[in-house]
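Since every read-out is calculated from the coordinates, none of them should be taken as a lab result. As the structure is a computational prediction, the values presented were derived from the model and not from experiment. Positions of Cβ are generated from backbone atoms using ideal geometry, with glycine treated the same way; all protein chains shown enter the neighbour counts.
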Amino acid sequence: MFYYYFDPTYILVVIGVLICLAASARVRSVFGRYSQVRSYSGLTGREAAEQILRRNGIYDVRVVHIPGNLTDHYDPRNRTLGLSDTVYGSSSVAAIGVAAHECGHAVQHAEGYTPLAIRGALVPVANFGSSLAWPLILIGLLINSQVSVLLIDLGIILFSAAVLFQLVTLPVEFNASGRAVKVLESSGMLRGDEVGEVKKVLGAAALTYVAGAASAILQLLRLLIITGGRRRNDE
Ligand SMILES: [Zn+2]
């Protein structure tokens, strides 16, 4: 296993990590800035979420307060919209934007939006795949037997499923933000200039998903380079 420390393809992993760190620093900074800007409506994240859900005819989704910062999410399993410390009770432009984005996911779920359904189906495969792929590939690389190519292939397939999950996440996230901007604009919950600020916050958040997908693709590329090299040695 030690030769991985000298593996030049490791640079791909480092690039991926740097991209993710940069995206996460950016969303923290943009979110932080607009968390300080109070909205004219004075609505809290929770109130905005409840209004948006009702406007969409959704009455079976609970809006709850969850701990943390930027931990906001919609959980389709129990139809719960979790809003974090800086969103739930805050009347900032950023809070309303994030709340509206999470409502976008609840609406996607209610409408049976296809990419969300595909993403949901991929969750177990992606979790299982990303944790099992590397052990399989390492065993495949270390042992010298008939099954080693099979193990490597299986590892690559599992890792690809995890990459696919990241890619399917992109339309789901962009669509939720699109819905958020539309409803905030059309309902008059935010003024025009505030909608522009929400676009900046949600745009920065979307970049973290793009970074995650790019990083996953770089890792897959590295995997293909490493295992491809091994295969040529075998032949
Ligand atoms: Zn989202």
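Restricting to DSSP loop positions (anything but H, G, I, E, B) with no more than 15 other Cβ atoms inside 10 Å of their own Cβ, which trypsin sites (Lys or Arg not before Pro) remain in the range 11-82?
Values: sites: ARG26, ARG28, ARG33, ARG38, ARG46, ARG54, ARG55, ARG62, ARG77, ARG79; in loops: ARG77, ARG79.
Within the range 11-82, the qualifying trypsin sites (Lys or Arg not before Pro) (loop, at most 15 other Cβ atoms within 10 Å) are ARG77, ARG79.
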Check your understanding: Quick one: helix 114-142 against the long Cα principal axis of the chain, what's the angle to the nearest 10°, folded into 0 to 90?
Key -> 30
**Study point:** Contour minus Cα-Cα distance for HIS73 and ASP7 (0.36 nm per residue)
**Key:** 20.0 nm
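Can you tell me, using C-alpha contacts under 8 Å and at least 6 residues apart, the relative contact order of the chain as a whole percent? Can you show the working numbers first?
On the way: 332 pairs, mean separation 61.6, N = 235.
For the chain, the relative contact order is 26 percent.
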Practice item. Specify the angular offset, from 0 to 90 degrees and rounded to the nearest 10, of the alpha carbon long axis of helix 45-55 from the longest principal axis of the alpha carbons in the chain. Key: 80
Study note, to complete from the structure: the range 12-234, convex hull of Cα, quarter of hull surface, nm² -> 12.8
Study note, to complete from the structure: Which of ALA25, ALA106, ALA213 fluctuates most in a GNM of the chain (C-alpha springs under 10 Å)? That residue is ALA25
**Study point:** Max mean-square fluctuation residue, GNM over the chain, Cα-Cα springs under 10 Å, options LEU21, LEU207, LEU218
**Key:** LEU21
Exercise for review: Compute the long axis of helix 10-35 from its Cα atoms, compare it with the longest principal axis of the Cα atoms of the chain, and write down the angle in degrees, 0 to 90, nearest 10.
Suggested key: 10
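Where both residues lie in the range 12-234, what percent of DSSP beta bridges are antiparallel, nearest 5?
Numbers: 4 of 8 bridges.
Antiparallel bridges: around 50 percent, rounded to the nearest 5.
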